[in-house]
């Protein structure tokens, strides 16, 4: 699991669904939650939680995309496997991990030092508090 | 065989056993219900009472009869007071026999009844209480019916034990013919008088009766299961 | 006429504090693993046991506040025991007649009809099936025309298919009678189906109170739902680790990091967290 400490900036609710906005290290994060809204307000500390397999990696991304969590980074290392590879990307003082297919690693020519963007769809982003 | 035998002691024994059993039922049921209530908190009083009830099981019958005789002798103490105030004589009378038999057969009524009452699942009694029923109603409509084999077994045992009793009834009753001379005393007196045919008759009747009682008890217990 | 529970009492050496107000006609579920004292709490509400501190009241009547104490017989509660506690010496109809108050507003036949036992009025408990006994226990509690209905795992003695079916009819009955109800359960489905409020008891004596959604769906992580299961298998799978978890009769397989896998062992109880938005549903015929 990837965990990022963040500060809540906004909370929009609708019965059964709510959209959280948070910021960490100057980056904006979004989480779409199903169920009752958490008892939080802007300024509260939250932990963003998302699985390694829920992180996408893009290189030279152009045009518009609906994914709301889109953070620039530089690859620190790759642990390759036959089908899956684990990509390490520093974020602040911590490291974010992304598990993508080894085919994608080759196609995007990913390796240590390459500048990329990592992306997480808002409904895959969990919030713990 | 029975032609030369005085039937009076047999009728007296039967009457005594019936009266004793009825008295024991009236006394034993509330007593056992009280003893079996609150099994979570038995309390010291309940323990003491249970020990006292069971005392006749180990006490020589003559010892109990002796103290009853001393207590109720019409010449002094409580016996004199009873005779003066209520014109009641306990010693050497039928009521004395009943008193002695009740005390002496009490454990035989209490043991099976108490065991059966304690066997009834607590939830059943609790359920009746949630229905707003008084303790008396719960006892009568639920507890006793579910423990009826214990009531029956207690009554049979108490009846049989009263029939076979000797020491207590001899001490407090004195074996007065027609009044307190029950079958077991008659048997003893006939034997002392070397009247073996009559002694045989009493003894045989008592043996047959005892066998019948044990058989009946077994039937009751099998049906309860 | 609400049920007011503000009290604490010792249960198995732990102090359990309860603070909830149940509006008339609502159902409160006491939920938690077995052995945490759910039944003891229910017996306390019925009046079999006393509280240590605080107050239990129903409407304007104080049932227990340390000094004043209303005994079981006068609380007008209908209690359905886990083992049903039917009177073995009475027929179904006779139990209902015995349960009725002095001036009943409904006939014995009405209660037999309502619980689907019309054909079994003359049957003794030993002659009835498990489901029929359950319904008789419920009918007996209702026939006493109680103010408060207490159900101690009323369906747990039955097999799964029967349980589901009776859950449905129980929900219908509760809605129909508008009786305030307290239900002891360790079945999530039962709680969601029957209760508007839940008091969750944990092994350490802690309690949580709220709606079933508030208390039972969210545990620290919002938007994710947790199912409790047991690890069946841990196996390395390339850069991740494969874990198989049993949840009830079903299994789930997922990938986790080796670091996380290092903290797990086979047989361990785990919470399987499910992203609400990502869950897909397929109707089963």
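Here the condition is being in contact (Cβ under 8 Å) with a residue 12 or more places away in the chain and facing chain C (nearest Cβ under 7 Å); of B:142, B:138, it holds for B:142 alone.
Summed over segment C:240-259, residues that are within 13 Å of another protein chain (Cβ to nearest Cβ) and surrounded by 14 or more Cβ atoms within 10 Å (Cβ to Cβ) total 8. Just one of the listed residues (A:49, A:74) is more than 22 Å from residue C:237 (Cβ to Cβ) and out of contact with any helix residue (DSSP H, G or I) (no Cβ under 8 Å at 6 or more places or on another chain), namely A:74.
Conditions tested, residue by residue: (1) more than 26 Å from residue C:22 (Cα to Cα); (2) in contact (Cβ under 8 Å) with a residue 60 or more places away in the chain; (3) facing chain A (nearest Cβ under 8 Å).
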position	(1), (2), (3)
C:201	no, yes, no
C:205	no, yes, no
C:210	no, no, no
C:213	no, no, yes
C:229	yes, no, no
C:234	yes, no, no
C:238	yes, no, yes
C:261	yes, no, no
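Residue C:275 satisfies every condition listed in (1) within 13 Å of another protein chain (Cβ to nearest Cβ); (2) exposed (fewer than 12 other Cβ atoms within 10 Å of the Cβ) except (2).
Per the listing A:90, A:72, the residue uniquely part of a strand (DSSP E or B), more than 14 Å from chain C (Cβ to nearest Cβ) and without any contact (Cβ under 8 Å) to a residue 24 or more places away in the chain is A:90. All of (1) farther than 20 Å from residue C:39 by Cα; (2) crowded, with 18+ Cβ neighbours inside 10 Å hold for residue C:190 with one exception: (1). Considered as a group, the residues in segment C:19-35 that are touching a helix residue (DSSP H, G or I) at 6+ places or on another chain (Cβ under 7 Å) and in a strand (DSSP E or B) include one that is farthest from residue C:175 (Cα to Cα), and that residue is C:31. As a summary of the residue check, residue C:43 satisfies the conditions (1) more than 13 Å from chain B (Cβ to nearest Cβ); (2) surrounded by fewer than 21 Cβ atoms within 10 Å (Cβ to Cβ) except for the one numbered (1). Here residue C:48 passes the criteria (1) surrounded by fewer than 15 Cβ atoms within 10 Å (Cβ to Cβ); (2) within 14 Å of chain B (Cβ to nearest Cβ) except the one numbered (1). With respect to the stated conditions, residue B:170 fails to be within 14 Å of chain C (Cβ to nearest Cβ), out of contact with any strand residue (DSSP E or B) (no Cβ under 9 Å at 6 or more places or on another chain), crowded, with 19+ Cβ neighbours inside 10 Å and part of a helix (DSSP H, G or I). Taken over segment C:63-88, the criterion of being more than 8 Å from chain B (Cβ to nearest Cβ) and over 24 Å from the mean Cα position of the chain (by Cα) is satisfied by C:65, C:66, C:67, C:68, C:69, C:70. Return yes or no: is residue B:156 surrounded by 15 or more Cβ atoms within 10 Å (Cβ to Cβ), out of contact with any strand residue (DSSP E or B) (no Cβ under 9 Å at 6 or more places or on another chain), more than 20 Å from residue B:108 (Cα to Cα) and modelled with pLDDT of 90 or more? So residue B:156 fails the test.
Consider segment B:31-49 and keep the residues that are in a helix (DSSP H, G or I) and free of Cβ contacts under 8 Å to residues at least 60 places away in the same chain. The one that is farthest from residue B:124 (Cα to Cα) is B:48.
Note on segment A:80-92: residues that are crowded, with 20+ Cβ neighbours inside 10 Å and out of contact with any helix residue (DSSP H, G or I) (no Cβ under 8 Å at 6 or more places or on another chain) total 1.
Do we find that residue C:223 is in contact with a helix residue (DSSP H, G or I) (Cβ under 7 Å, 6 or more places away or on another chain), within 14 Å of chain A (Cβ to nearest Cβ) and either within 30 Å of residue C:93 (Cα to Cα) or modelled with pLDDT under 95 (or both) in this structure? Considered against the rule, which asks whether it is in contact with a helix residue (DSSP H, G or I) (Cβ under 7 Å, 6 or more places away or on another chain), within 14 Å of chain A (Cβ to nearest Cβ) and either within 30 Å of residue C:93 (Cα to Cα) or modelled with pLDDT under 95 (or both), residue C:223 comes out as yes. Inside segment A:10-35, residues that are at positive phi, surrounded by fewer than 18 Cβ atoms within 10 Å (Cβ to Cβ) and either in contact with a helix residue (DSSP H, G or I) (Cβ under 9 Å, 6 or more places away or on another chain) or more than 12 Å from chain C (Cβ to nearest Cβ) (or both) make up a count of 2. Taking the criterion of being in contact (Cβ under 8 Å) with a residue 60 or more places away in the chain and in contact with a strand residue (DSSP E or B) (Cβ under 8 Å, 6 or more places away or on another chain), the residues of segment C:34-74 that qualify are C:36, C:37, C:38, C:39, C:41, C:42, C:45, C:46, C:58. Within segment C:140-196, the set of residues being in a helix (DSSP H, G or I), under 10 Å from the mean Cα position of the chain (by Cα) and closer than 20 Å to residue C:116 by Cα comprises just one member, C:194.
With the condition kept exactly as written, say whether any residue in segment A:93-107 is surrounded by 15 or more Cβ atoms within 10 Å (Cβ to Cβ), at pLDDT below 90 and within 12 Å of another protein chain (Cβ to nearest Cβ). Taking every residue of segment A:93-107 in turn, none turns out to be surrounded by 15 or more Cβ atoms within 10 Å (Cβ to Cβ), at pLDDT below 90 and within 12 Å of another protein chain (Cβ to nearest Cβ). Determine, yes or no, whether residue A:111 is more than 14 Å from chain C (Cβ to nearest Cβ) and loosely packed, with under 14 Cβ neighbours inside 10 Å. It is true that residue A:111 is more than 14 Å from chain C (Cβ to nearest Cβ) and loosely packed, with under 14 Cβ neighbours inside 10 Å. How many of the residues in segment A:1-23 are modelled with pLDDT under 90 and under 19 Å from residue C:273 (Cα atoms)? Summing the residues that are modelled with pLDDT under 90 and under 19 Å from residue C:273 (Cα atoms) in segment A:1-23 gives 4. Within segment B:173-216, the set of residues being within 14 Å of residue B:14 (Cα to Cα), out of contact with any helix residue (DSSP H, G or I) (no Cβ under 6 Å at 6 or more places or on another chain) and in a helix (DSSP H, G or I) comprises B:184, B:205, B:206, B:209, B:210. Within segment C:122-133, residues that are assigned by TED's automatic domain parsing to the domain that holds residue C:82 have Cβ atoms under 7 Å from residues that are surrounded by fewer than 16 Cβ atoms within 10 Å (Cβ to Cβ) and assigned to a helix (DSSP H, G or I) in these pairs: C:130/C:162; C:131/C:162, counting only partners at least 6 apart in sequence or on another chain.
The values are calculated or read from the model by the stated rules, or taken from the named source; none is laboratory data. Worth saying up front: this structure is predicted, and the values here are computed from it rather than measured. Virtual Cβ from ideal backbone geometry, glycine too; neighbours counted across all protein chains shown.
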